[in-house]
Amino acid sequence: MPLALVLTVGILGLIFGSFLNVCIHRLPRRESLNWPPSHCTACQRRLAWFENVPVVAWLALRGRCRTCGVAISPIYPIVELTTAVVFAGGVMVYGLTPILFVRLAFACALIVLFVIDLQHRILPNVITLPGIGAGFVASLFLPPGWLSSLIGILAGGGVLFGIAEVYYRTRGQEGLGMGDVKMLAMIGAFLGWPLMLLTLVLASFAGSLVGVTLLATGRGTMQAALPFGTFLALGALVSAVTGDVMLAWYLSFY
Ligand SMILES: [Zn+2]
């Protein structure tokens, strides 16, 4: 894999990451993605072109607006860097193949859902529903194939819907939202049902680990809902890259 290709795709990732930041900020507020142009959310001043340069601008401005001095969240450069790493890593894992483009689009959706769920405890339909459709259409031509994708959608949505129903009826409160249900259906659409199940196991394990840690350190209660979508996003990224190896290893015991 030529280094120049990895670097180019990584820089492309920075630019995409900058767009993902726009989605992360505006989608939960139901704002338009293309209007108004990038501006300081405190003083509304329109940003100069160089203030839109990913990561570099944030570092050069030391994380503050030039005019009003308001702090600019480090989430912005973190999202840009993460997207760059995911893009560069993606081209190393998949090469310049059709599946690369599908997996990168999937990763972009996961990054946006991860941050929005963390900040707002919602998983917007405007990402998950088209995501289910896009994952299924891509699977007509590429792995995991349409049947695995379809089972992934139905089982992914179905399993979480069932858990949510049982939790609601027994505890009398909402533990899982319908956003989680649609997000796991989207993951099933892109990765197929075996990796969807692996994602669910990884996310539940990571979620319990963090939950128990918060409980043990007295920083959270059992009732404080953890954003399950953030764990699903992490689980799906891990499954997409290492899932086939993990499943083969697991099945080798039978
Ligand atoms: Zn400002």
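Considering only 61, 110, 200, the mean-square fluctuation computed in a Gaussian network model of the chain, springs between alpha carbons under 10 angstrom, is largest for 61. Take the Cβ atoms of residue 53 and residue 254, set R0 to 45 Å, and the FRET efficiency comes out at 0.30.
Can you give the convex hull volume per residue for the Cα atoms of the chain, as a whole number of Å³?
Numbers: hull volume 41.3 nm³, N = 254.
For the chain, the hull spanned by Cα atoms encloses 163 Å³ per residue.
If you take all other residues with their beta carbon under 13 Å from the beta carbon of residue 124, and give Lys and Arg +1 and Asp and Glu -1, the sum is +2.
In region 1-101, a dipole from Cβ-located charges (positive for Lys and Arg, negative for Asp and Glu) runs towards its positive end, and of 43, 22, 82 it is 43 whose Cα lies farthest in that direction. Counting only Cβ charges, +1 for Lys and Arg and -1 for Asp and Glu, the dipole size of region 38-128 around its Cα centre is about 280 debye.
Which residue fluctuates the most in the chain, going by a Gaussian network model with Cα springs under 10 Å, if the choices are 118, 191, 215? Maximum fluctuation in the GNM of the chain, among the listed residues, is at 215. The charge dipole of the chain, taken about its Cα centre with unit charges on the Cβ of Lys, Arg, Asp and Glu (plus for the first two, minus for the last two), comes to roughly 700 debye. Here's the picture: charge each Lys and Arg Cβ at +1 and each Asp and Glu Cβ at -1 in region 162-248, and of 191, 232, 175 the one pushed furthest to the positive end of that dipole is 175. Taking Cβ atoms as reference points and 15 Å as the exclusive limit, the residues near residue 238 contribute a net charge of 0, counting Lys and Arg as +1 and Asp and Glu as -1.
Taking the chain as a Gaussian network of alpha-carbon nodes connected by springs under 10 Å, the highest mean-square fluctuation of the residues 145, 175, 220 belongs to 220.
Please compute the net charge surrounding residue 66, taking Lys and Arg as +1 and Asp and Glu as -1 over other residues with Cβ under 12 Å from its Cβ.
Numbers: positive: 45, 46, 62, 64; negative: 51.
Neighbour charge sum, excluding residue 66 itself: +3.
None of the figures in this text is laboratory data; all of them are computed from the coordinates on show. No experiment lies behind these values; they were computed from the predicted model shown. Please note: Cβ atoms are built from the backbone with ideal geometry, for glycine as well, and neighbour counts cover all protein chains shown.
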